[in-house]
Amino acid sequence: MSTLFDPVQVGDMALANRIVMAPLTRSRAAAGNCPGPLAAQYYAQRASAGLIIAEASPISPMAQGYLDTPGIWSDEQVAGWQAVTSAVHAAGGKIVLQLWHVGRISNSSLLPAGAAPVSSTAQPAQAKTFTKAGFTPVSTPRPLGDDEIPALIADYRRAARNARAAGFDGVEIHAANTYLLEQFLRDSINDRSGPYGGSIENRARLVCEVAAAICEEIGAGRVGIRLSPLTTFGGGTALDSNPQALYGYVVAQMARLGLAYVHMIEGETGGAREPEGVSFDYAALRRSFPGAWIVNNGYTQALAEDAVASGRVDLVAFGKAFIANPDLVARLRSGAALNTPNVATFYGGGAEGYTDYPVLAPV
Ligand code: PHB
């Protein structure tokens, strides 16, 4: 029987324990969308996690949807991330980068030359994003042409290559939370015809091509994917008409490519683990995937321990608990009380609520 504190092999990565730091947007990037001056300290403080999944990072200028998120398209950004990965490695940790394209969840004020966001569709999301003007409705998107897809895949490929050059142990493909890849996956959003619309195979074609390109670039043993079959992300986005079939197909394709892990958001992101009126058989998906199975969303220590002990999952990711508890692993191990996260300092600002959460005195 495994515990949260047992080591585990995830693809090419040997991890010290099964406790994962979930990717967390903190909106503290510096000029040029470079990681901010405190990012290395912030992540190194959390290096006792078996794996850190660094915050969602836009793969290109068109991929951004929020103010001050750190990117992975430029040489300056690679240099900035190098300071982060070397600090984490020096503290004995492992860290991958989450590769992000927001698609239509953006505002033109954040995009080059005030461009319209790109998506699978021309339909706008019912969502707001954070810009210089505060929370602002997203802009109406422009559907990508099929002939623009190769350049998009090349952006993902470059981002993965940059992540390795920056010292990351691997990457996580962000295919969750109704951002670009999920805008292609779901029939509630994707209204295209042609090779990237219609059937499940067609709607999944983009994520499969992106994953194949990234695996070719850095090796499948260093690639994971995050999925959220049941999220409406704040209530604005309908589910697919058949999430079980859609995400079953996606996971089987990721198995075929040999990905290191699947990172499954169970239920509504940041909300109900079992949303009313929908059921989903996660175990069926896991049976088709031989790599590591990471889960996330509302896990308490007891729930996480049970999930790992039963063999239902391999690793558990914690989000808000890692914001407030840099030494979360030690606290879970000793049963110590947890610090409470301060929601007011989640996004933007400096050290407060970022690098100043207290740790337990060493015993
Ligand atoms: C956010 O910035 O709030 C955010 C980013 C990525 C996610 C979810 C939320 O997947």
Subject >> Computed [θ] at 222 nm, deg cm²/dmol, the chain (DSSP H ≥ 4; -39,500 (n - 2.57); rounded to nearest 500) >> reply: -8500 deg cm²/dmol
**OP:** Classify the range 98-213 as rounded, prolate or oblate from the Cα gyration tensor: take a ≥ b ≥ c as the square roots of its eigenvalues, call it rounded if a/c is under 1.5, otherwise prolate when a/b beats b/c and oblate if not.
**Re:** oblate
Original post:
Which whole-number value in Å² is the accessible area per residue of the chain, probe 1.4 Å?
Top reply: 37 Å²
Subject >> Under the Karplus curve 6.51 cos²θ - 1.76 cosθ + 1.60, θ = phi - 60°, whole-Hz ³J(HN,Hα) for the range 121-128, x wherever Gly or Pro sits >> reply: 9, 9, 7, x, 6, 8, 8, 10
**OP:** About the Cα centre of the chain, how large is the charge dipole given +1 on each Lys and Arg Cβ and -1 on each Asp and Glu Cβ? Please answer in debye to the nearest 20.
**Re:** 260 debye
**OP:** Scale the Cα Rg of the chain by the rule-of-thumb value 2.2 N^0.38 Å and send over the ratio, two decimals.
**Re:** 0.92
Subject >> Rounded percent of accessible protein surface that carbon and sulfur make up, the chain, 1.4 Å probe >> reply: 54 percent
Subject >> Theoretical gain in end-to-end length, Ala351 to Lys128 [0.36 nm per residue, Cα-Cα removed] >> reply: 77.7 nm
Subject >> Translational D in µm²/s for the range 49-110 (Stokes-Einstein at 37 °C, 0.692 mPa s, Kirkwood Rh from C-alpha pairs) >> reply: 262 µm²/s
Original post:
Given just the C-alpha atoms of the range 28-166, how large is their convex hull per residue in cubic angstrom?
Top reply: 112 Å³
Subject >> Spacing of the two label points (7 Å from each Cα toward its C-beta) at Ala30 and Ser241, in nm >> reply: 5.1 nm
Original post:
Between His89 and Arg287, what is the label-to-label distance in nm when each label sits 7 Å out along the Cα-to-Cβ direction?
Top reply: 4.1 nm
Subject >> the range 213-295: GluC sites (Glu not before Pro) in DSSP coil with no more than 13 other Cβ atoms inside 10 Å >> reply: Glu276
**OP:** Post the alpha-carbon centroid distance, the range 149-198 to the range 1-77, in whole angstrom.
**Re:** 18 Å
**OP:** Considering only protein heavy atoms, with the full assembly of protein chains and a 1.4 angstrom probe, order Met62, Met1 by accessible area, largest first.
**Re:** Met1, Met62
**OP:** Translational diffusion coefficient, Stokes-Einstein: compute it for the range 164-249 using the Kirkwood radius over C-alpha pairs as Rh, at 4 °C and 1.567 mPa s, and state it as an integer in µm² s⁻¹.
**Re:** 95 µm²/s
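The values are calculated or read from the model by the stated rules, or taken from the named source; none is laboratory data. From a predicted model like this one, the values you see are computed outputs, not experimental measurements. Quick reminder, even Gly has a Cβ in these numbers, built from the backbone with ideal geometry, and neighbours come from all protein chains shown. Each accessible area value is taken on the protein alone, full model and side chains, heavy atoms only, with ligands, DNA and RNA left out. Shrake-Rupley method; radii C 1.70, N 1.55, O 1.52, S 1.80 Å.
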